[in-house]
Amino acid sequence: MEIRTQQHGAVKAIVPQGAICQGDAAAFENEVARELQSNMGRCVVDLSATPFVDSQGLEAMLNLTERLGDAGRLLKLCGVGDTVREILNVTDLADQFELYEDVGAAVRSFL
Amino acid sequence: MVGLAYVGVAALVAGATVGAWWSVHAHETHVQRQASAQRGDAIAAALRDHVAAKAKADDFGAVRALLADLAASQSLSAARVTLGDGTVVADGREAASIISKIPERWPSTANTISDGPTRRAVLDVPGRGPLVIEINAGEPTGAMTDLEFFILAGGAAVVVATLAIGLAARRRTRSLAEVGDALAAFASGETDLGALHVRETGAGSGDAWNRLLNELATLRIRRRVEDASERRTVANAAPATDDIVPRVADALWIGLIGLESDLRIRYCNGAAGIFLGSTRDKLIGKAISDCFSDPAAAAELAKVGDGRTRARQVFETRVGEGDGATVLRVSVRGLTTGGAMLALEDVTQQRIADRSRNAFVEQATHELRTPLTNIRLCMEELLDAPDLEPAKRAQHLNVVNQEVRRLERIVGDMLSISEIEAGTLQLAPDDVRLAPMFEEIQTDFTTQAKTKNLRLTFAMPPKLPTMVGDRDKLTLAITNVLGNAIKYTPEGGDVTVSVRADDKELIVQIADTGIGMSPEDAAKVFERFYRAKDPRVSKITGTGLGLALARDVVKLHGGDIGVESVKDKGSTFTIRVPLGAPLRHAA
């Protein structure tokens, strides 16, 4: 799975290109963890190009948000589509993340 | 193994089928040959008396005619009469090979015994010699009989069915084997569910196993969430002061650090670990001066260590290099018991926003000052010279009017941008009749283009649909793009507005032959306050807000805007807006 990044001021948007499933979940977690560390937590995950997340993808996202949770933050997600939003709701995980409508709103949350 | 067994069975069936077919085929051929010989013998016997009578009368012409008819009507391979020495006197198939003159006598030397499909009958012509009648009723055709076809088709069907069953069985057993391997791996301690997944083959067992693992993963996640929730509940139930303080500190996105009097770290929360690029364990006991590479920051911290001040010190320092550097605001305060407390805040994004805001204020001030200066000069002249000639007076008033409109436009853009930024911009959706809207835009810009000696062309279809949108905001977006095209196209150039619509969307292309942009400028042209680095652009007034506003309005309508540009050749902006898309709220 390709993972693109976009710089918005001091904030980096991480944009996975495709579903976060099985083997891709570990790569996704590593990439986001690396960006979070190098950018001191100023990252948002833009899921606008992610149609689906399976249990391993959810676990990866949960690991990331727990890691940030020790520092007073949650993983910021934006551009969440209907399917992924439903998955988050069904698994009661929606409130484990900060959800924003789009990248602009997520970036403004760092102000 | 299972697959190979099925291939073996299929091969056996194929061999048996071919063997059975060959036996039947040989039998059928033999029967056909016998039937052909019997038929040949019967025909030869039937001819015998007739040929004898005609030969006795020396009427071989009648014999030839009879054989020709017979060969054709009975589909004989050969039908001929030869003299005793083998000379052909009549041939139903090859009339050219017969002799024309029959000798008075002939010897008896020819083969008179029937062999294979060629049947022979001998008769004697008194006083002259023997005649031999040769009839060949034909070889077996070798055509496949119904029975043979049935055997081969049946055998092939059995082979195909065997292979198909073998393939399905192989897939199923392979899937089962992979599940078995996964179970063995699980028994050996593998807990990564991703590693335990098997290939999805479409067979039931593998997919069922994968579904089982997915269910297990979901349960694990839920368990983790429940555990975390339980931990929080337990923690809330026993709010011991010693425990709650670090937890409260960890819930802050502000780095908190407690220093000993020798300025070594005694405590830090999670956020401080992230800001200092390390972990708590590694930071405890470390000298705080080693955590900052900025010498100025180390000097500020040293003041606290010296005990020179207990007043709160605030300074900013950069962590990291280049564009990715983080700006930290550090607040330091000495403690009564010795040592100090540090609070670290990440203000990087705020500083970038400050720079943008300052740039905007600077640009806006410049933009507002120019028309205000023009207005003031004109008004002063009008006030100082009440008897100014009417033409001059009208000219001054016209300038004032133009500059006021310009101010209105600038302030409107700024307000709209600010509303979009704050998320308070309200669209007023309604049915928008596109044809009158574009006619109005064309009227507004025709004079402006003519003044600059530009050829402004509107290419519109005879009929345009009605769409749902905010007419004023759409007009604003299009006029901003069109205004830019006219502004940055030198005299004598062309600006073309092409409008088309299909069932789903409105497409507006605004092409000019202006100064164009470099790829770097084109990539940033829709950013707020951005103005191209080209010196020709800096000579022309502009806030850098028009295209940003156009983009925001188009996005709020669910559409998109893009640009293709070649430096010194011109630019083409393309706006696409859905005709009936639900409107988005400003973020």
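FYI, it's all coordinate maths here, none of it is from the lab. In this text the structure is predicted, and so the values were computed from the model without any measurement. Here the Cβ is made from the backbone with ideal geometry for all residues, glycine too, and neighbour counts use every protein chain on show.
Brief remarks on what is shown
- For segment B:268-339, the list of GluC sites (Glu not before Pro) that fall in a loop by DSSP and count at most 15 other C-beta atoms within 10 angstrom reads B:E321.
- Separation of alpha-carbon centers, segment B:509-549 and segment B:156-185, rounded to whole Å: 65 Å
- For segment B:97-123 versus segment B:6-62, the gap between their alpha-carbon centres in whole angstrom: 23 Å
- Positive-pole candidate from B:I375, B:N358, B:V400, dipole of segment B:351-420, charges at beta carbon: B:N358
- Of the DSSP H helices in chain B, those that are both long (alpha-carbon extent of 24 Å or more along the helix axis) and hydrophobic (Kyte-Doolittle mean at least -1.0) are B:2-56, B:146-187, B:204-237, B:348-384, B:390-422, B:434-451.
- Alpha-carbon centroid distance for the pair segment B:450-490 / segment A:76-105, whole angstrom: 39 Å
- Of the beta bridges in segment A:2-108, as assigned by DSSP with both residues counted there, near 45 percent are antiparallel.
- Sites matching trypsin sites (Lys or Arg not before Pro) across segment B:52-110 that sit in DSSP coil, with at most 16 neighbouring C-beta atoms within 10 Å: B:R93, B:K101, B:R105
- Under 26 Å from B:K567, Cα to Cα: lysines that are on another chain or at least 8 residues apart: B:K450, B:K452, B:K487, B:K524, B:K533, B:K539
- Counting only DSSP beta bridges whose two residues both lie in chain B, roughly 95 percent are antiparallel.
- Dipole in debye (nearest 20) - the protein assembly as shown, about Cα centre, beta carbon charges: Lys, Arg +1; Asp, Glu -1: 620 debye
- Rounded to the nearest 500, the 222 nm mean residue ellipticity of chain B from helices alone is -18000 deg cm²/dmol, with -39,500 (n - 2.57) taken per DSSP H run of at least 4 residues.
- Selection from B:P246, B:L328, B:P295 lying farthest towards where the dipole of segment B:243-346 points positive, charges on Cβ: B:P246
- Dividing the Cα radius of gyration of the protein assembly as shown by its Kirkwood radius returns 1.36 for Rg/Rh.
- Extreme residue, positive dipole direction of segment A:2-108, given options A:Q56, A:V90, A:L74 (C-beta unit charges): A:L74
- Within chain A, helix-based [θ] at 222 nm, where runs of 4 or more DSSP H residues each add -39,500 (n - 2.57), nearest 500: -13000 deg cm²/dmol
- Cα gyration tensor shape of chain B, rounded if a/c is under 1.5, else prolate or oblate by comparing a/b with b/c: oblate
- Built from the Cα atoms of segment B:351-420, the convex hull projects on average onto 5.2 nm², one quarter of its surface area.
- The ratio of the alpha-carbon radius of gyration of segment B:428-578 to the globular-protein estimate 2.2 N^0.38 Å is 1.00.
- Partners for B:K56 among aspartates and glutamates (Cα-Cα distance below 16 Å; same-chain residues under 8 apart left out): B:E104, B:D124
- Rounded to the nearest 20, the Cβ-based charge dipole of chain B about its Cα centre (Lys and Arg +1, Asp and Glu -1) stands at 440 debye.
- What you get for segment B:428-578, charging only the Cβ of Lys and Arg (+1) and of Asp and Glu (-1), is a dipole of about 420 debye around the Cα centre.
- Candidate lysines - alpha carbon under 16 Å from B:K473, same-chain residues fewer than 8 apart omitted: B:K555
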